[in-house]
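Notes for the one structure printed next.
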Amino acid sequence: MNSLILVTGAGGQVGVELIRRGPLRGHQIIGLARADLDISDGEAVSRCLADRRPGVVINAAAYTAVDKAESDEAAAQAGNEAGPANLARACAEIDVPLIHISTDYVFDGTKQGAYAETDPVHPLGVYGITKEAGEQRVRDAWKRHVILRTSWVYAAHGGNFVRTMLRLGAERDELGVVADQAGTPTSAGDIAEAALSIAEQVAAGRDDAWGTYHFTAKGSTTWHGFAEEIFRRAEPVLGKRPKVNAITTADFPTPARRPANSVLDCSRIDAVLAPPRRSWQEGLADVLSELLEDGAQQ
Ligand SMILES: NC(=O)c1ccc[n+]([C@@H]2O[C@H](COP(=O)([O-])OP(=O)(O)OC[C@H]3O[C@@H](n4cnc5c(N)ncnc54)[C@H](OP(=O)(O)O)[C@@H]3O)[C@@H](O)[C@H]2O)c1
């Protein structure tokens, strides 16, 4: 099987890291941002895959604006359900594996303890509902898929919690951050490395590992704990350590409801595909050094 990897959503957090890291692992990558390929256009997707003939497709495209999705259901459905359905169908047409990225927000957060792949899904908002529907469309259309559910994604680029905290921390001495939602911050770079490791395995002919997996960094925290760790590590560069006050979800109303617990149990992926997986603090350290060395923290 050829190891040419086609990446959709190449302009996003995970997409950028795939484009960066693929060549470092010896791969030829075709990176397609939304302007190059809108995955909600079924004909364009089929034509593109038939022309480019990749060995593996990684879908990093998604409608990720969790709150905006509540009032923009059609766009969320197009990116998160129709898009993956089109990709899975087109991959089946040319007999190529699809690695599709999904989310912890397929769960409602009421479980005590980490969610396994076998736990029932019950998304709380439009984003999670459309992502869950997208997973299902992938499963229905094409057996040779790997769905990776991940969580709390951040990178040195793009819109994310780490960059928001650094901006707010530079402006203020004190801020309130939600302390009653638990999950695992996972760097886009770590997700890209995992997806590439899986792409390598399936491109080399591995044919026994299709299905749905949880992949996050190791450990868990709350948004409050995440903010504290960001400021602890950034203090030497920020020149101060803003005080992080613990607030509740009820204190910070948002259009979309979010799961109180979306910690994912990753034992299945550790046992079967075994991509590299390190602590969330190690992933954060790398992203912060990239951001703070660049002076890009604003
Ligand atoms: N961000 C998180 O916290 C988080 C948490 C759990 C799981 N995930 C999942 O992880 C994956 C990667 O997320 P990310 O954080 O890298 O997201 P991101 O930074 O928002 O990137 C997504 C990219 O997809 C593009 N896109 C949206 N609709 C498209 C379409 N119809 N056709 C082609 N491209 C389209 C976006 O382009 P535009 O910018 O032009 O819209 C954007 O460049 C997604 O599957 C997401 O659901 C993310």
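A compact table of results
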read-out: Helices (runs of 4 or more DSSP H) contained in the stretch 188-288 and holding at least 3 residues at pLDDT below 95; value: 223-238
read-out: Among the candidates Thr216, Thr130, Thr222, residue that is within 17 Å of Ala60 (Cα to Cα) and touching a strand residue (DSSP E or B) at 6+ places or on another chain (Cβ under 6 Å); value: Thr216
read-out: Where Ala33 falls short, out of the listed (1) more than 14 Å from the ligand (Cβ to nearest atom); (2) without any contact (Cβ under 8 Å) to a residue 40 or more places away in the chain; value: (1)
read-out: Scope the stretch 158-181; condition open to solvent by 30 Å² or more (accessible area, probe 1.4 Å) and not charged (D, E, K, R); matching residues; value: Gly158, Gly159, Phe161, Thr164, Ala170, Gly176, Ala179
read-out: Given (1) within 18 Å of the chain's Cα centre (by Cα); (2) free of Cβ contacts under 8 Å to residues at least 12 places away in the same chain, index of the condition Glu171 fails; value: (1)
read-out: Members of the stretch 122-140 found to be assigned to a loop (DSSP other than H, G, I, E, B) and buried (at least 18 other Cβ atoms within 10 Å of the Cβ), listed by number; value: Pro123, Leu124, Gly125
read-out: Residue match in the stretch 178-186 (condition: within 16 Å of the ligand (Cβ to nearest atom), over 14 Å from the mean Cα position of the chain (by Cα) and assigned to a loop (DSSP other than H, G, I, E, B)); value: yes
read-out: Where a residue in the stretch 141-157 is within 22 Å of Val16 (Cα to Cα) and open to solvent by 30 Å² or more (accessible area, probe 1.4 Å) and its partner, wherever it lies, is of a type outside the set (A, V, I, L, M) and more than 7 Å from the ligand (Cβ to nearest atom), with Cβ under 8 Å and at least six apart; value: Val153/Thr186; Val153/Ser187
read-out: Residues being open to solvent by less than 30 Å² (accessible area, probe 1.4 Å) and within 15 Å of the ligand (Cβ to nearest atom) - total across the stretch 2-11; value: 5
read-out: Among (1) within 11 Å of the ligand (Cβ to nearest atom); (2) part of a loop (DSSP other than H, G, I, E, B); (3) out of contact with any strand residue (DSSP E or B) (no Cβ under 9 Å at 6 or more places or on another chain); (4) closer than 25 Å to Asp95 by Cα - the single one Ala65 does not satisfy; value: (4)
read-out: Residue in the stretch 52-60 that is part of a loop (DSSP other than H, G, I, E, B), within 14 Å of the ligand (Cβ to nearest atom) and either over 18 Å from the mean Cα position of the chain (by Cα) or not aliphatic (A, V, I, L, M) (or both) present; value: no
read-out: Which listed residue, of Glu200, Glu235, is surrounded by fewer than 16 Cβ atoms within 10 Å (Cβ to Cβ) and over 20 Å from Gln181 (Cβ atoms); value: Glu235
read-out: Filtered residue count, the stretch 56-95, keeping only those that are surrounded by fewer than 24 Cβ atoms within 10 Å (Cβ to Cβ) and β-branched (Val, Ile, Thr); value: 3
read-out: Residues located in the stretch 231-260, provided they are in contact with a Phe, Trp or Tyr (Cβ under 8 Å, 6 or more places away or on another chain) and closer than 20 Å to Thr184 by Cβ; value: Val244, Ala256, Arg258, Pro259
read-out: Hits in the stretch 27-46 (condition: in a loop (DSSP other than H, G, I, E, B), of a type outside the set (D, E, K, R) and over 11 Å from Ile5 (Cβ atoms)); value: Ala33, Ala35, Leu37, Ile39, Ser40
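For every residue, the table says whether it meets (1) of a type outside the set (Gly, Ala, Ser); (2) out of contact with any Pro (no Cβ under 8 Å at 6 or more places or on another chain).
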residue	(1), (2)
Lys111	yes, yes
Thr118	yes, yes
Ala133	no, yes
Gln136	yes, yes
Asp140	yes, yes
Leu148	yes, yes
His157	yes, yes
Phe161	yes, no
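The values are calculated or read from the model by the stated rules, or taken from the named source; none is laboratory data. Just so it is clear, the structure is predicted and the values come from calculations on it, not from any experiment. Don't worry about glycine lacking a Cβ; one is built from the backbone with ideal geometry, like all the others, and counts go over all protein chains shown. Each accessible area value is taken on the protein alone, full model and side chains, heavy atoms only, with ligands, DNA and RNA left out. Shrake-Rupley method; radii C 1.70, N 1.55, O 1.52, S 1.80 Å.
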